[in-house]
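S.K.: Encoded as structure tokens, here's the structure I'll be asking about.
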Amino acid sequence: MGGFSIILGLPIFTAVIMGDPIIRDFKLGVVPLIFSQPISRATYLLGKFFGSFFVIVCCQSAFAFTLFFLQAVPFKGMVVLPWRALPYFKHFLITVVISHLILAAIYFTVGQLTRNAKIVYGLAALFNPIYIAAGLLMRPLSIWWKAFLDPMGFGARNSFEPIEPWHQTAEFLNQHTVYYSSLYIANRGWMICLSAVCLFILYFRFSITERPSKAKEFSWISLSTAGEGVYASDSIGLLETDSTFVRPSLALSKPLPRVTIANENFSDGLNKLVAALRIEFLLLRAERSLIVLLPLALVLSILDVAFFRVVPEVSYSATYASHTANAMLLFLIGMSVFYTGEAMHRDQELKIEPVIWATPAPNYVLLLSKFLATLAFTCSFMALCGVAAITTQLIRGHPIEIQPYLRIYSIILIPGVAFLAAISVMLNVLLRNKYLAYAASIGLGGALFYLYNAGSTHWSYNPVFYHLWSYADLVGENLTTILMRRLYWLALAAACLLLAHLCYQRRTHASGVLAS
């Protein structure tokens, strides 16, 4: 539970949920409507806070439920006890929920006072580096300071667990007793009090009025002459029907006509694909999360080779490339799933899907543009990590070779991310719901990694080749076998895209017009 509470993505996930529940109301302009009802500021703020935090707890509880159901899967050497539920609930509440309660209170307070979700995302991205640095700086302090300054409670927990249970035998774990000292309980109570203090500050500083903005400078407007003007009667006559007016909103709600493609040559389709891909790149560049996620993922991917001793296996470049490839694997999976889902459902969320469907372009243009944009983005991230690793290698004075980077990234990583992006496209097309596709992806990925860590790492259901390769295999006799297995996953990626294309048919009425 302790490792789960501080895992990299969890503070960021908390920030995403807690950062803008009230900011969203201001953007939609419904705050005056809400406060026109008999509702107090305290009720509104507490409802938003605890409603969002309840969503976080429900999502995090999946980890506790997984551990609970794993009681039915005994491991070698484990003493199997009768089924129980109280320890899982107790440890989850004390270790995970309270730790993220203080983070949620801080993110919620900062987000609603600044009315800027980017600041909250920045705090979340900096949490892990700041927490690690603070832990190093607090080493000379007494255990009391560590207990009352540590939001995760690791300082207080280590005070009563001098023996680390990691890498211990089954006999040791079967006899190990977990208990909470008074110092750790005091730390948990202090975190609850700090959360209440943050909410009190928000209550006294919260205002329903918009923040004053800088006044815009005046501009001079030159009026056109009468000869260049447009008469009102000309424009109004377009909407007149028997002395009555037709509402523009009613005109826009009419079904769009069916569009047939007049130019179906391969070159025409390729030009349309390039144009659609350019638009996807522009939309991807506007993603706010890239400002936080990309630098953080880049730093963490080269952290191992930048600050720890590197022991060359075949060569220094092969070791650097292998370590960075393994380190960036989790980020590549998350980027492929997340950005594909956002791209697939962006048109529907912006309510421009009927306009996209009315575009004279085949379905494969709409699908392949999103797939290729995600694939190009992940490949760009791999290239940045490779450049950062080579720069680190140069700074540390180790000899540089480019071939190991090209060999590892092209043979191991690119087929894996191609399949991940393709299956993400297929899941979003088949399930037709972004969050359902995310849940299916996380569940499928979690189940596979559980099998991998349990020793079942067969290449037929291991698209990222987790624990199945070393650089010596890529330069030895096993290279042909590895290439054939990677072609197998590229073929599965093509099959996923084909299935997505067959199921991605633009919905039409029986009368032959597109749905509005």
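S.K.: Using 0.36 nm times the number of residues separating Ala42 and Leu28, minus their current alpha carbon distance, what extension gain do you get?
M.R.: 3.0 nm
S.K.: Got a sec? Which residues in the range 435-476 would a label at Asp304 touch, if it sits 7 Å along Cα→Cβ and we count backbone N under 15 Å?
M.R.: 465-472
S.K.: How many percent of the accessible area of the range 1-73 is carbon or sulfur, using a 1.4 Å probe?
M.R.: Here it works out to 76 percent.
S.K.: Oh, and also: Just how far, in whole angstrom, is the range 122-156 from the range 335-386 if you go by their alpha carbon centroids?
M.R.: After rounding, the separation between the Cα centres reads 40 Å.
S.K.: If we sort 370-382, 181-193 on the protection proxy, mean other Cβ atoms within 10 Å, highest first, what's the order?
M.R.: Ranking, from highest mean packing down: 370-382, 181-193.
S.K.: Would you tally the net charge around Ser317, using a Cβ to Cβ cut-off of less than 13 Å, leaving Ser317 out, and scoring K and R as +1, D and E as -1?
M.R.: Net charge in that neighbourhood comes out at 0.
S.K.: Stretched out fully, how many nm does the piece from Arg278 to Cys59 gain, at 0.36 nm a residue minus the Cα gap?
M.R.: In short, 75.3 nm is gained.
S.K.: Quick check on packing: order 170-177, 97-104 by the mean number of other C-beta atoms within 10 Å, highest mean leading.
M.R.: Taking the mean over residues of other Cβ atoms within 10 Å, the ranking is 97-104, 170-177.
S.K.: Percent relative contact order of the range 322-443, based on C-alpha pairs within less than 8 angstrom and at least six residues apart?
M.R.: 46
S.K.: Next up: List residues of the range 425-451, by number, whose backbone nitrogen lies under 16 Å from a label position 7 Å along Cα→C-beta of Tyr461.
M.R.: So the set is 441-451.
S.K.: Expected output is a single nm value to one decimal: the length gained when fully extending between Gln348 and Asn453, i.e. 0.36 nm times separation in residues minus the C-alpha distance. What is it?
M.R.: Between Gln348 and Asn453, full extension yields an extra 34.0 nm.
S.K.: Here's another thing I want to ask about it. Quick one: of Lys27/Lys118; Lys90/Lys118; Lys90/Lys434; Lys27/Lys48, which pairs are farther than 26 Å apart, Cα to Cα? If you can, show how the numbers build up before the last one.
M.R.: Values: Lys27/Lys118 15 Å; Lys90/Lys118 34 Å; Lys90/Lys434 33 Å; Lys27/Lys48 15 Å.
With Cα atoms farther than 26 Å apart: Lys90/Lys118; Lys90/Lys434.
S.K.: A follow-up question, please. Report the FRET efficiency, 1/(1 + (r/R0)^6), for Asn116 and Glu477, where r is their Cβ-Cβ distance and R0 is 56 Å, rounded to 0.05.
M.R.: Efficiency, rounded to the nearest 0.05: 0.45.
S.K.: Counting only the backbone N, which residues of the range 369-401 are under 20 Å from the spot 7 Å out from the Cα of Ser289 toward its beta-carbon?
M.R.: Residues passing the 20 Å test: 369-385.
S.K.: Counting other Cβ atoms within 10 Å, keep those with at most 15, restrict to DSSP loop, and tell me which trypsin sites (Lys or Arg not before Pro) in the range 47-114 are left.
M.R.: Lys76, Arg84
S.K.: Take Tyr435 and Val197, extend 7 Å from each Cα along the Cα→Cβ direction, and tell me the distance between the two endpoints in nm.
M.R.: Computed distance between label sites Tyr435 and Val197 equals 3.4 nm.
S.K.: Moving on. Between Leu93 and Val80, what is the spin-label point distance in nm, taking each point 7 Å from the Cα along the Cα→C-beta axis?
M.R.: Calculated label separation equals 2.9 nm.
S.K.: Give the whole-number value, in cubic angstrom per residue, of the convex hull volume spanned by the C-alpha atoms of the range 256-353.
M.R.: Once divided by residue count, the hull of the range 256-353 is 140 Å³.
S.K.: Please calculate how many Å² of accessible area the range 307-449 carries per residue, with a 1.4 Å probe and no DNA, RNA or ligand atoms counted.
M.R.: On the way: 6160 Å² over 143 residues.
Accessible surface, normalised per residue, equals 43 Å².
S.K.: Could you order the peptides 484-495, 110-121 from most to least packed, using the average number of other C-beta atoms within 10 Å per residue? Could the numbers behind the result be given before it?
M.R.: On the way: 484-495: 15.9, 110-121: 18.9.
My ranking of the peptides, most packed first, is 110-121, 484-495.
S.K.: I need the calculated FRET efficiency for the pair Ile143 and Ser267, taking r as the beta carbon distance and R₀ as 60 Å, to the nearest 0.05.
M.R.: It comes out at approximately 0.25.
The values are calculated or read from the model by the stated rules, or taken from the named source; none is laboratory data. Small disclaimer: the values here were computed from a predicted structure and weren't measured. Cβ coordinates were reconstructed from backbone atoms using ideal geometry, including for glycine residues, and neighbour counts include every protein chain displayed. Remember, those area values only see protein heavy atoms, side chains included, never the ligands or the DNA or RNA. Shrake-Rupley method; radii C 1.70, N 1.55, O 1.52, S 1.80 Å.
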